[in-house]
1. Expected output is a single nm value to one decimal: the length gained when fully extending between Leu6 and Thr22, i.e. 0.36 nm times separation in residues minus the C-alpha distance. What is it?
2. Determine the dipole magnitude for segment 49-99: charges of +1 sit on the beta-carbon of Lys and Arg, -1 on that of Asp and Glu, nothing else is charged, the reference point is the Cα centre, and the result goes in debye to the nearest 20.
3. In whole percent, what relative contact order does the chain give with Cα contacts below 8 Å and a gap of six or more residues?
4. So how far, in whole Å, is the C-alpha centre of segment 67-120 from the one of segment 1-46?
5. Any chance you could get the radius of gyration and Dmax over the Cα atoms of the chain, in Å?
6. For the chain, give the magnitude of the charge dipole about the Cα centre (Cβ charges: +1 Lys/Arg, -1 Asp/Glu; no others), in debye to the nearest 20.
7. With +1 assigned to the C-beta of every Lys and Arg and -1 to the C-beta of every Asp and Glu, and no other charges, what is the dipole magnitude of segment 61-148 about the Cα centre in debye, to the nearest 20?
8. Points 7 angstrom from Cα along the Cβ direction at His67 and Ala89: gap in nanometres?
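No value in this document is a laboratory result; all are computed from the given coordinates. Here the structure is a predicted model, which is why all the values come from computation and not from measurement. Cβ: placed from backbone, ideal geometry, glycine included. Neighbour counts: every protein chain shown.
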Amino acid sequence: MVHTELPLILVVNGPNLNLLGTREPEKYGHETLADVAARVTRAAEAEGVQVEFVQSNHEGEIVEAIHSARGRASGIVLNAGAYTHTSVAIRDAVVAAQVLMVEVHITNVHAREAFRHHSYLSDVAAAVIAGAGTLGYEFALQYLARRA
Ligand code: CA2
């Protein structure tokens with residue numbers, strides 16, 4: 001029997017998202033990042049893809065995680081947190097990786113402070129999901145799985 005590997009989707013979370021479910025539940029909800037990972041893993045199984053999760057509070061580690069997707073993953077779900085609004089380095093890593101990326105935000109960044117309205121990532125993203133809560137991660141995974 002021939003075993004072919006399932007396509008891989010990388011889910012990358014940036015700074016402070018390790019605090020999910022522990023503070024500001026009115027903004028970010030009650031689920032922890034581990035809860036989200038468990039739900040996304042079930043969605044991945046249903047879609048016939050594998051999923052790998054990375055969370056880092058350090059810009060360079062996020063850059064390296066994105067590099068690691070090149071030639072290995074068929075998509076990246078990226079919530080770069082506040083680096084979305086500041087990081088040319090993360091944007092350049094996405095372009096260099098040559099992997100389809102979906103930008104996810106738990107909150108509707110456009111309904112928040114003006115400094116959150118600009119993203120260095122949106123114009124290099126295949127799709128952008130903001131304001132759907134943590135369901136956004138599942139939607140992004142489904143989209144990438146169906147394009148894989
Ligand atoms: O809405 C999003 O997903 C954001 O990417 C979240 C970032 C914020 O800087 C972006 O503008 C929008 C902040 C992540 C902070 O995560 C926390 C989660 C729980 C408690 C405290 C912070």
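1. Length gained between Leu6 and Thr22: 2.4 nm.
2. 160 debye
3. Details: 273 pairs, mean separation 42.2, N = 148.
Relative contact order of the chain: 29 percent.
4. Each part reduced to its Cα centre gives a spacing of 16 Å.
5. In order Rg, Dmax, the Cα atoms of the chain give 14.5, 56 Å.
6. The calculated dipole for the chain is roughly 200 debye.
7. Numbers: 7 positive and 7 negative charges, 44 e Å.
My answer is approximately 220 debye.
8. Label-label distance for His67 and Ala89, simple model: 1.1 nm.
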